[in-house]
1. I'd like to know if segment 188-205 contains one or more residues that are more than 20 Å from GLY17 (Cβ to Cβ), crowded, with 16+ Cβ neighbours inside 10 Å and touching a Lys or Arg at 6+ places or on another chain (Cβ under 7 Å).
2. Please find, within segment 360-381, the residue that is modelled with the lowest pLDDT out of those that are near the ligand (Cβ under 10 Å from one of its atoms) and surrounded by 20 or more Cβ atoms within 10 Å (Cβ to Cβ).
3. Name the residue, out of ALA215, ALA153, ALA148, that is in a helix (DSSP H, G or I), among the small types (Gly, Ala, Ser) and surrounded by 15 or more Cβ atoms within 10 Å (Cβ to Cβ).
4. With the structure loaded, tell me whether ASP178 is open to solvent by less than 40 Å² (accessible area, probe 1.4 Å), at negative phi and charged (D, E, K, R) or whether it fails that test.
5. Out of the residues in segment 285-305 that are among the charged types (D, E, K, R) and within 16 Å of the ligand (Cβ to nearest atom), which is least open to solvent (accessible area, probe 1.4 Å)?
6. Restrict the check to segment 255-272 and report whether at least one residue is open to solvent by less than 20 Å² (accessible area, probe 1.4 Å) and near the ligand (Cβ under 10 Å from one of its atoms).
7. Can you spot a residue in segment 165-174 that is open to solvent by 80 Å² or more (accessible area, probe 1.4 Å), modelled with pLDDT under 95 and closer than 18 Å to SER33 by Cβ?
8. Scan segment 218-236 for residues that are open to solvent by 30 Å² or more (accessible area, probe 1.4 Å) and under 18 Å from ALA406 (Cβ atoms) and report the count.
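The values are calculated or read from the model by the stated rules, or taken from the named source; none is laboratory data. On a predicted model such as this, the values are computed, not experimentally measured, just so you know. Every residue, glycine as well, gets a Cβ built from its backbone with ideal geometry; the counts of neighbours run over all protein chains shown. Note: areas computed on protein heavy atoms with side chains; ligands, DNA, RNA excluded. Shrake-Rupley method; radii C 1.70, N 1.55, O 1.52, S 1.80 Å.
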Amino acid sequence: MAPETLPVPDSPLPLAGRHLVLGLSGGIACYKSAELLRLLVKAGATVQVVMTEAAERFIGPVTMQALSNRPVFTSQWDARQPNNMAHIDLTREADAIVVAPASADFIAQIAQGRAGDLLSLMCLARPAQRCPLLLAPAMNREMWAHPATRRNAAQAVADGAVLLGPGVGDQACGETGDGRMLEAEDLCNRIVAHFQPQVLAGRSVLITAGPTFEAIDPVRGITNHSSGKMGFALARAAAEAGARVTLVAGPVSLATPDGVTRIDVQSAEQMLAAVLPLAPGHQVFVATAAVADWRPATSAGQKIKKDGSGNAPSIAMVENPDILATVARLPAAQRPYCIGFAAESHELERHAREKRERKGVPMIVGNLGPATFGRDDNALLVIDEHGTREMPPHGGRADKLTLARALVAEIARRLPTLRGQA
Ligand code: CTP
C-alpha cells in the first residue's frame, strides 16, 4: 500500500502571492535596493517601488521600474491614480512596506509621524494592523550611534516598525562600524522569515547537523559526504517560526542562519559533549547529523609516515556514542521531544522504522543517503506511531528549505504533547 502523504507548499517561491511596497529613501545603499528588488521578485512577490526625491539622486526610477515591471511612484502629487490618492491606494493591497534604505532622516520622519513626501505619507496612512513596516537602516556609523537616531529608531519600533539590521562593516564613507544596510540576500531572507507562521514562538529547538570528523592523525581522518544542508535548513525554518535555536554543527562550510546560536564541533564525542548539557534546556531535539559510527581507537599525535614496507598501517576502530539514543534515554523531565533522521541506501522504510524503535524516539525522518548528501533537494518519509507518510507526496522531491518548513509545521502540531505542555 502506498504511504500516506504530508503536504508541502504548492509553490517553492516563499513570497508567492505577496504584494510588497519597496520604499527607497536617500542613501548610497540605494545601489543594493536594485538587487533586493530582483530577489523579492524572484521569490514570487509583486513589488511596487516608491522613491523619495533624495533616493532618485542615487538610483534611477527606470532601473527599479524595469526590475519590478511597474511604474515607480515618487510624488504624492502624481496624477496617475484616478482618485489622486496614491498614498492610500498603494498601501491597501500591500502585505508590508519595506523601506530599504531607511536613512536617518527617514527614520526621524517615521518616529515623528511626519508625512512630507509620498513614502512617509504612505507609512503613516498604511493600515498598520495588517501592513507591517520593515525598516532597513543605512547610514554612517556616527549617525546610527547618535542619541537622536537611537531615540528615533526606538520610537519607530515602539510604534510597531520592525528593524532589519543595520549590519556592521565597511562603509561607503571609508569608515567601519554599525550602520551599513544589510546585504540584499540577507534582507530578502529576513523579509521571507517575517511572513512565516510563528508556530514555534516561545519554543526551543536543538539541532545537530553535518558530518563528524574522526581524526586518524593531525592531517587525516574519517568523515562522510553529509553537507549539513538539511540540518541548517531546519535551523533556519525553526528560527523563522519563532523558536530559540541552537545548532551543533560538524565541519561544514555553510553560513549560520539568522538568529541561530551555533556551536562548531569536529568529532562525535565533541558533538555529544556539546549536546548533552544543552538537551534538557530545549523542548525539541532534531538529530540530522551524519555521525561517524566508528572512530580510530587512538589518534596519532604526529602524521603517520609510510614505513617503506608497502604495508598499510592497521587502524583499530571503536564505536562512537549514539548521540540521539543517549538524549532519548534522558529522564522524562529532562528529555526533549526527539526526532531522528535515518540515512539509508536501500529499504528506507523498513530500516527507518527499525531505527525509530531501536533509538526509542517518537519520530524518524527517513531519506536515501546517496540521493540527498550535498543536494539542495530531498524526498522524506516521516515515520511516527501513526505510520509512514511521504513528504512531498507521490514520489516527488522538494528543496530542503521547503521541506524543513513543512517539517517544522509537523513538529509544531505535536507541541501540545511536549514536555511542560498540557
Ligand atoms: N545518530 C547519532 N549518533 C550516532 C549515530 C547516529 O545521534 N552515533 C543519529 C543521527 O543523527 C540520526 C539517527 O541517529 O538522527 C540515525 O542515524 P543513521 O546514521 O541513519 O543510523 P545509525 O544509527 O548510524 O545506524 P546504521 O549506521 O546502522 O544505519
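1. Yes, segment 188-205 contains a residue that is more than 20 Å from GLY17 (Cβ to Cβ), crowded, with 16+ Cβ neighbours inside 10 Å and touching a Lys or Arg at 6+ places or on another chain (Cβ under 7 Å).
2. Per the criteria, the residue is ASN367.
3. ALA153
4. In short, no.
5. Selected residue: ARG295.
6. yes
7. yes
8. So the answer is 2.
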